[in-house]
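Worksheet: the structure to be examined is printed underneath.
The values are calculated or read from the model by the stated rules, or taken from the named source; none is laboratory data. What you see is a predicted model; the values in this text were computed from it and never measured. Cβ sites come from the backbone with ideal geometry, for glycine too, and all protein chains shown count toward neighbours.
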Amino acid sequence: MPKQLINALLFQIGWFACVLGGNSFWLLIAVGVLAIHLLWISSWQAEGLLLISVALIGTTVDSLLLNCGVFSFDAGGPLIPLWLVMLWAVLATTLNHCLDWTAKPWWRASVLGAVGGPMSYYAGSKMAGVHLPLGLWPSMVLLGVVWAGLFTLLQGLAKRV
């Protein structure tokens, strides 16, 4: 099985573990996904800084959106929950692998971000206690605009780090 396919499968496993498990022992599955990625698909030397950078950027952006009322969680607080931080790290594993095709031309990352980003939050609203106080469509449009730029930025970062 090609490494890109395994990378996509690991991402899906990590995504479901984070979204369905929340801040529980299920996060160990996401840690396992990161470990398998770094041991078999890539390495800490090649992508450690990228994983940390994407997790920090994602945490910052999502915490800003949280504090602006774009979405909320059952458990309140000014920062996003740990499971969402882990999800950002899991997403970072895909940038140079199964989603590498979105890097060039740049608009591919923008289109995928505009569609895939909001869809992930929508799924979270159905499965993980993520609330969309602005309503479904205003939230989807706003998240689409944010993610169109954000995913393009993340792909650019992946090529530089």
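Considering region 117-160 alone, what residues qualify as being of a type in the set (A, V, I, L, M, F, W, C) and without any contact (Cβ under 8 Å) to a residue 24 or more places away in the chain? Those that are of a type in the set (A, V, I, L, M, F, W, C) and without any contact (Cβ under 8 Å) to a residue 24 or more places away in the chain: Met119, Leu136, Trp137, Met140, Val141. Scanning region 32-76 for residues being more than 17 Å from the chain's Cα centre (by Cα), within 18 Å of Val19 (Cβ to Cβ) and among the small types (Gly, Ala, Ser) gives a total of 1.
Remark: Leu49 falls outside the filter, which requires a residue to be surrounded by fewer than 14 Cβ atoms within 10 Å (Cβ to Cβ) and within 24 Å of Met127 (Cβ to Cβ).
Residues of region 103-150 that are modelled with pLDDT of 95 or more and of a type in the set (Val, Ile, Thr): Val111, Val115, Val141, Val145, Val146. Close Cβ contacts (under 6 Å, 6 or more residues apart or on different chains) running from residues in region 9-22 that are farther than 13 Å from Ser120 by Cα and in a helix (DSSP H, G or I) to residues that are aromatic (Phe, Trp, Tyr) and at pLDDT 95 or above comprise Ala17/Trp26.
Among all positions in region 80-96, there is at least one residue which is aromatic (Phe, Trp, Tyr) and closer than 18 Å to Ile13 by Cβ.
Criterion applied to Leu136, Leu66 was being surrounded by 19 or more Cβ atoms within 10 Å (Cβ to Cβ) and at negative phi, and the one residue passing it is Leu66. I'd like the residue in region 58-75 that is without any contact (Cβ under 8 Å) to a residue 60 or more places away in the chain and of a type in the set (Ser, Thr, Tyr) and, out of all such residues, is nearest to Leu134 (Cα to Cα). Out of the qualifying residues, it is Ser63. Taking the criterion of being in contact with a helix residue (DSSP H, G or I) (Cβ under 7 Å, 6 or more places away or on another chain), modelled with pLDDT under 95 and not in a loop (DSSP other than H, G, I, E, B), would at least one residue in region 66-76 satisfy it? Yes, there is a match, as at least one residue in region 66-76 is in contact with a helix residue (DSSP H, G or I) (Cβ under 7 Å, 6 or more places away or on another chain), modelled with pLDDT under 95 and not in a loop (DSSP other than H, G, I, E, B).
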